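See structure below.
Just so you know, all these numbers are worked out from the coordinates, no wet-lab data involved. On a predicted model such as this, the values are computed, not experimentally measured, just so you know. In this analysis, Cβ positions are derived from the backbone assuming ideal geometry, glycine residues included, and neighbour counts consider all displayed protein chains.
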Amino acid sequence: MRILTLLLVIAASLASLSSHAEDGYDLWLRYQTLPESYAKDVNRTIKNLVPGDINDPTRALAIEELQTGFSKMLGKPLPIKSNAGKASLMLLTSEALAQISNDVDTAKLTELGDEGYLLTQAKINNKPVTLIAANSEQGLLYGAFELLQQMQLQTSLKELNHSSSPKIQRRVLNHWDNLDGSVERGYAGSSIWDWWELPGVINPRYKDYARANAALGINGTVLNNVNSKAISLDHRYIEKAAALAEVFRPYGIKVYLSARFNAPMELDGFENADPQNPKVRQWWKDKAKEIYQIIPNFGGFLVKANSEGQPGPGDYGRSHAEGANMLAEALEPYGGIVMWRAFVYSEHDAEDRGKQAYNEFKPLDGKFKDNVLLQVKNGPIDFQPREPYHPLFGAMPNTPLMMEFQITKEYLGFATHIAYLAPLYQEVLAADTFAKGKGSTVAKVIDGSLDGHKLTGIAGVANIGHHRNWSGSIFNQANWYAFGRLAWDPYADSQTIGRDWLALTFTNEEQFTEPTLGMMMRSREAVVDYMTPLGLAHLMATGHHYGPGPWVSDLGRPEWNPAYYHKADKNGIGFDRTKTGSNALAQYSKEVAQSFADPKTMDERYLLWFHHLPWDFKLQSGKTLWQGLVEHYDHGVEEAKAMQQTWQSLKPYVDQERFTDTAQRLQIQVDEAQWWRDASLAYFSHVSGKAIPQGTTPPKHDLQYYIKLSFPYAPGN
Ligand code: BDP
């Protein structure tokens, strides 16, 4: 039986050897043929594979992946052996290892927890072997992926001595996918989940999705949009979710669902969904039981409540904690968790939108059950190109806070602009909250180390769709990859991640990776400059958020209008969040508040986020604010052009397909950077009465031209 399974595994890996064009489908699992000298090295170090007990489904996948990788990179799968021989590759759990060797420090292994792994050269039965060791089958799978990654990066296997374990427990993608196949803020085509055909049809893509994620250590996925439909919790849809959960389970990926708070009403005709109503509480308990019967490793619920029209506990005068705890109580017997979102603001609240979540949640600190994570967006407004970190980080020591990043680029140019987001993520993770003195970074808040939390999490709003390349563009794949790497290790460095991604995606050649990395590292700042420089935010056109709309000021809710955020008039520009304004500064620790208090000395990247200043305000450069603003817009356009030039120079290193696709997108980016700059300057010049400075190119068109542009079919809306 075992032999048969192994043969099947080998046949499957050989079948997948057939080559196809570089269309981006393989992501970071391309397993290209290795250069001869490195291949020789590998062949000397690893000659055969001792798989261990492949009746374990997770182990079987590790072996399958290794065989696929070796077949593709070296031309043939590894011969299978039942016992350690010279130059074996072995996969051993710590238990098995302890029985056959005392050469490896198993105490060190214990520290690696449930998901960590050790990759090392060791002696087993006196034979030199390459060892993947872990405390669980899951750790072995992660170790196998890491070995394959290191081989793709051509790391010398002889020097391999590498252990790693995740610093954050729940590393989750949030799909904003609707049941009709559309994706809210999705720019990579329709949803990869075919809800209609599930559970009958299992698209092979589901497995490739799981492989790509497991390779990064992502261990959870919320299948449906936070703006959810109650029917997702109907029995038929639970069975559909269960079919996906089945594919993902051996990869260590749990399925979660977004839950609509009033589901008892919409599904079963209840009069209310009040958390104090015993019948409602029972409904959720029954629902949890029903789900766990079909999905035994179900992760739990993600909830958007009392936010942007979604129902919630507030409808009955109950707090967010009461709402979250009701669901947590239902999931508790099965080990499930609730990820309750802190993204709330109300049109009935005249308070600065950026302050509302803090005001609502800070008083609830410590009131949530142990299996609740509060999911907080990286900034206080909404996934802008740049925001200061959310003031809730560091302000709720008695509640585990989960980070929510957006991978899909709703506010950073969709799938057409290149914006490498790792520097944005890293900027937030490294921000110091001073909650417990210097060094109380956001990363320490979310990995639980600052306040001693066991339950920890990080979420990324996925940029995945049905496009052949998954993410709409090749460079958007880097953001999925970077999210995964930072979820595993929030202290990792965006340059290293970017370099690895380039090598895995294109080539190891430095003449290619270094200039391309340079371009990636500057890309997000370029977007900030041509869209919302100097701390401006939310100037995107209404609804679809595509392109500039700083003039919009007539929408129903004040905080939907860009004009609300920039507050520009003939005297000045910016949102006063100091004492003389909304005093949002007071939501930060005193050290942070002080650092942003003085517009003359502060980090000017956040200037207009915190201050309303006259157009003639003197910047640190000595220029006036108006001149500085114009310069930033110009610089953004220059940077987009420089990226385009860099890419043109890299043609010799890139296949035709991906070269052309990227070049076309960069042309759009250059054109749109210009559009953003021209439209914004036309508008700000109009409201301020300031002329475009001499020597600066005036906008191509008058303001009315930009105002009149409309985009009824912009995607993702
Ligand atoms: C905003 C998006 C909207 C989401 C919302 C959220 O525009 O589509 O539903 O965030 O996160 O950025 O709930």
Taking the highest mean first, how do the peptides 579-585, 552-558, 425-431 order by number of other beta carbon atoms within 10 angstrom per residue? 425-431, 579-585, 552-558
I'd like to compare 458-466, 705-713: which one has the highest average count of other Cβ atoms within 10 Å, and what's the full order after that? 458-466, 705-713
Relative contact order of the stretch 401-560, please, whole-number percent, based on alpha carbon pairs below 8 angstrom and at least 6 residues apart. 26
Of the cross-linked pairs 570/623; 158/454; 254/367; 240/285; 377/690; 287/444, which ones have a Cα-Cα span greater than 29 Å in the structure shown? 158/454; 377/690; 287/444
Starting from the eigenvalues of the Cα gyration tensor, five times each then square-rooted, give me the equivalent ellipsoid semi-axes of the chain, largest first, whole Å. 43, 32, 24
For the stretch 561-702, just list the percent of Cα-Cα distances falling in each 5 Å bin from zero outward, please. 2, 9, 15, 16, 15, 13, 10, 9, 6, 4, 1, 0
With a 10 Å radius around each residue's Cβ, average the other Cβ atoms per peptide and rank 529-541, 592-604, 144-156, highest first. 529-541, 144-156, 592-604
So which GluC sites (Glu not before Pro) in the stretch 286-322 end up in coil per DSSP with only 15 or fewer other C-beta atoms within 10 Å? 308
Determine the relative contact order of the stretch 170-505: mean sequence separation of Cα pairs under 8 Å and six or more apart, normalised by residue count, in whole percent. 18
Taking a ≥ b ≥ c as the square roots of the eigenvalues of the Cα gyration tensor of the stretch 170-505, is the shape rounded (a/c under 1.5), prolate (a/b larger than b/c) or oblate? oblate
Rounded to the nearest 5, the percent of antiparallel DSSP beta bridges in the chain equals 30
Amide H neighbours of residue 220 under 5 Å, counting only residues 5+ apart in sequence or on other chains, H built in-plane at 1.01 Å? 171, 173, 254
Alpha carbon Rg of the stretch 235-281, scaled by the compact-globule rule 2.2 N^0.38 Å: 1.51
